[in-house]
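Please read the structure below before turning to the comments.
The values are calculated or read from the model by the stated rules, or taken from the named source; none is laboratory data. As the structure is a prediction and not an experimental result, all values here were calculated from the model. Glycine also receives a Cβ, built like all others from the backbone with ideal geometry; neighbour counts cover every protein chain displayed. Heads up: the accessible areas ignore ligands, DNA and RNA and are worked out on the full protein's heavy atoms, side chains in. Shrake-Rupley method; radii C 1.70, N 1.55, O 1.52, S 1.80 Å.
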Amino acid sequence: MPYVEITSEVDIKNEPKVPGQLRIYEGGEQVFTSTIGIEYRGSTSFRLSDKKSYGFETWNDNNNDEAKSILGFPEEEDWILYAPYSDKSLIRNILIYDLSRDINRYASRAKFVEVSLNNS
């Protein structure tokens with residue numbers, strides 16, 4: 001499973017995005033790194049659960065949005081790390097996305113990852 005490591009010297013807020021660094025590892029090797037802008041995502045889930053979702057943008061060296069390909073997904077600058085706290089099975093969204101694509105309907109692409117934020 002890919003390992004996503006995020007570090008930020010600024011406390012992450014619900015808005016606005018704060019600067020951070022993203023590193024992704026697969027098989028123990030670093031496969032991606034980028035400066036990012038990151039914020040908490042969600043309203044009810046943000047307030048009611050300890051497991052937080054994050055939205056982030058990949059940034060260039062001048063902290064401007066820059067589309068990048070991550071983990072084989074098409075280039076994009078806006079990304080979501082979704083933590084479905086209410087879904088104890090952790091498969092509902094991916095199952096439905098896969099079924100939707102199987103019948104030739106649009107569905108977001110998704111991949112399971114393990115996330116670490118400031119070593120937590």
Residues within region 75-95 that are under 23 Å from PRO19 (Cα atoms) and either assigned to a strand (DSSP E or B) or out of contact with any helix residue (DSSP H, G or I) (no Cβ under 9 Å at 6 or more places or on another chain) (or both), tallied: 7
Unique residue being open to solvent by 80 Å² or more (accessible area, probe 1.4 Å) and among the charged types (D, E, K, R) when the list is LYS52, LYS111: LYS111
Conditions (1) open to solvent by 100 Å² or more (accessible area, probe 1.4 Å); (2) within 22 Å of ILE38 (Cα to Cα): number failed by ASP102: (2)
Any hit, region 88-98, residues being among the charged types (D, E, K, R), touching an Asp or Glu at 6+ places or on another chain (Cβ under 9 Å) and surrounded by 12 or more Cβ atoms within 10 Å (Cβ to Cβ): no
Index of the failed condition, LEU81 passing every other in (1) among the hydrophobic types (A, V, I, L, M, F, W, C); (2) open to solvent by 80 Å² or more (accessible area, probe 1.4 Å); (3) touching a residue at least 40 places away in the same chain (Cβ under 8 Å): (2)
Of residues in region 55-70 being of a type outside the set (A, V, I, L, M) and loosely packed, with under 14 Cβ neighbours inside 10 Å, the one nearest to ILE12 (Cα to Cα): ASN63
Positions within region 1-45 being within 15 Å of the chain's Cα centre (by Cα) and hydrophobic (A, V, I, L, M, F, W, C), in sequence order: MET1, VAL4, ILE6, ILE12, VAL18, LEU22, ILE24, PHE32, ILE36, ILE38
Given (1) open to solvent by less than 70 Å² (accessible area, probe 1.4 Å); (2) more than 19 Å from ASN119 (Cα to Cα); (3) modelled with pLDDT under 90, number of the condition PHE73 does not satisfy: (3)
Residues of region 1-36 classified as touching a helix residue (DSSP H, G or I) at 6+ places or on another chain (Cβ under 8 Å) and in a strand (DSSP E or B), total: 0
